[in-house]
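Shown next, in structure tokens, is the structure this report addresses.
The values are calculated or read from the model by the stated rules, or taken from the named source; none is laboratory data. The shown structure was predicted, so the numbers you read here are calculated from the model rather than taken from an experiment. So basically every Cβ, Gly included, is an ideal-geometry build from the backbone, and we count neighbours across all protein chains shown.
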Amino acid sequence: MDHLRYYLGFNLVPGIGPARLARLQGYCGSLADAWHADAFELAAAGLEAKASAALVAARARLDLDAELERVAAAGVTLLCLDDPGYPRLLREIPGAPPLLYVRGALTAADDWAVAVVGTRAPTTYGRDATLRFSGELARAGVTVVSGLALGIDTVAHEAAIDAEGRTLAVLGCGVDQPYPERNRRLAARIIEQGALISDYPLGTMPIPANFPPRNRIISGLSRGCLVVEAGERSGALITVGFALEQGRDVFALPGPIFSRQSVGCNRLIRDGAGLVTNAQDLLADLELTTASVQREARTEIPGDPAEAALLQLLSYEPTAIDELGRAAGLSAPATAAALALLELRGLARQAAPMLYVLAR
């Protein structure tokens, strides 16, 4: 809890984001030491004068214990980067948010997530496609991630909930200020079947500048990003940019060439995004066709020495099955059986015949 209070404190200081916080922690050795550092140490850590002054001012006015109590009273959970409950996929992105505010709950099931984004003014075609895709993803055990905006985001969340699946909404404001107002009731439903998530402090209002940065969290939480409808300057394309930077797969739904809402999607497809016409293709491309089975297997199948040994040997570089077996001291049948279990648990996958890698 002690380190959490300092994560919270730094999150309340304007101008100190992931990069500056990492520099401070690296120089000072701990968040506590960084919080209490003097002006000389702050400068030596590379903190600019304006950010340094903001930190000094924040330390003088903030009661961190009172801030923690305020968060708890609002029914909000804090997750910091080194918390075991912090989303695994999000932790891997460049500049991962040091602190998340969560209303609802994040679970291991959310390791299997897809972002569904698009225009705030969808056509009937876009709404129908979002209903179908999001509902089928949810029924397949995949968490649907979006941004609670009107239009495609709203339909995606509602479809996942109606399919009795999980959905996460990433906000461009505090989680105690769900926006837009028209989606307050939807936000309450999301809390019951997923979570509202933000890296903005409580009380942060939904100003326009907040929304583009939050899109990196939408893509960061997800294994892939589906754009249903997007105009030429749609905010959904910002999410696509982050997804590509993070190494996520991007998919787009083709639309009529005369529809303004499909200009962005058709260009994405032209530029190499995956063209999808049904949810099963999307699930197959992202290796999520057995998401619910993998999720259950990860929690229910007990680890054994053979699995543990192979997991230590696997990397993101393909390794031949016979090489893995020799290194682990296992027979060929035992190696194959253990790798099959690791695949079921979503921890390993075949990169090519007889070649295995760590799963993403």
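None of 84, 94, 98 is on the phi < 0 side of the Ramachandran plot and in contact with a Phe, Trp or Tyr (Cβ under 7 Å, 6 or more places away or on another chain) except 98. Taken together, the residues in region 107-130 that are more than 23 Å from residue 196 (Cα to Cα) and among the aliphatic types (A, V, I, L, M) amount to 1. The set of residues from region 69-87 being among the aliphatic types (A, V, I, L, M) and either touching a Cys at 6+ places or on another chain (Cβ under 6 Å) or surrounded by fewer than 16 Cβ atoms within 10 Å (Cβ to Cβ) (or both) comprises 72, 73, 74.
Applying the condition of being more than 18 Å from the chain's Cα centre (by Cα) and of a type in the set (A, V, I, L, M) to region 142-153 and asking which residue is farthest from residue 182 (Cα to Cα) yields 152.
So the check is Cβ under 7 Å with 6+ separation or different chains; which pairs have a first residue in region 123-139 that's assigned to a helix (DSSP H, G or I) and a second one that's among the acidic types (Asp, Glu)? Sorted first by the residue in region 123-139, then by its partner, the pairs are 126/229; 135/162.
Might you let me know whether region 53-68 holds any residue that is out of contact with any Gly (no Cβ under 9 Å at 6 or more places or on another chain), buried (at least 18 other Cβ atoms within 10 Å of the Cβ) and of a type outside the set (Lys, Arg)? No: region 53-68 contains no residue that is out of contact with any Gly (no Cβ under 9 Å at 6 or more places or on another chain), buried (at least 18 other Cβ atoms within 10 Å of the Cβ) and of a type outside the set (Lys, Arg). Listed by position, the strands (runs of 3 or more DSSP E) contained in region 246-360 that have at least 3 residues being at pLDDT 90 or above and surrounded by 20 or more Cβ atoms within 10 Å (Cβ to Cβ) are 249-252. Here 130, 124 are screened, and the one residue that is at pLDDT 95 or above and buried (at least 24 other Cβ atoms within 10 Å of the Cβ) is 130. Any chance region 199-220 includes a residue that's acidic (Asp, Glu) and surrounded by fewer than 20 Cβ atoms within 10 Å (Cβ to Cβ)? No, the conditions are met nowhere in region 199-220.
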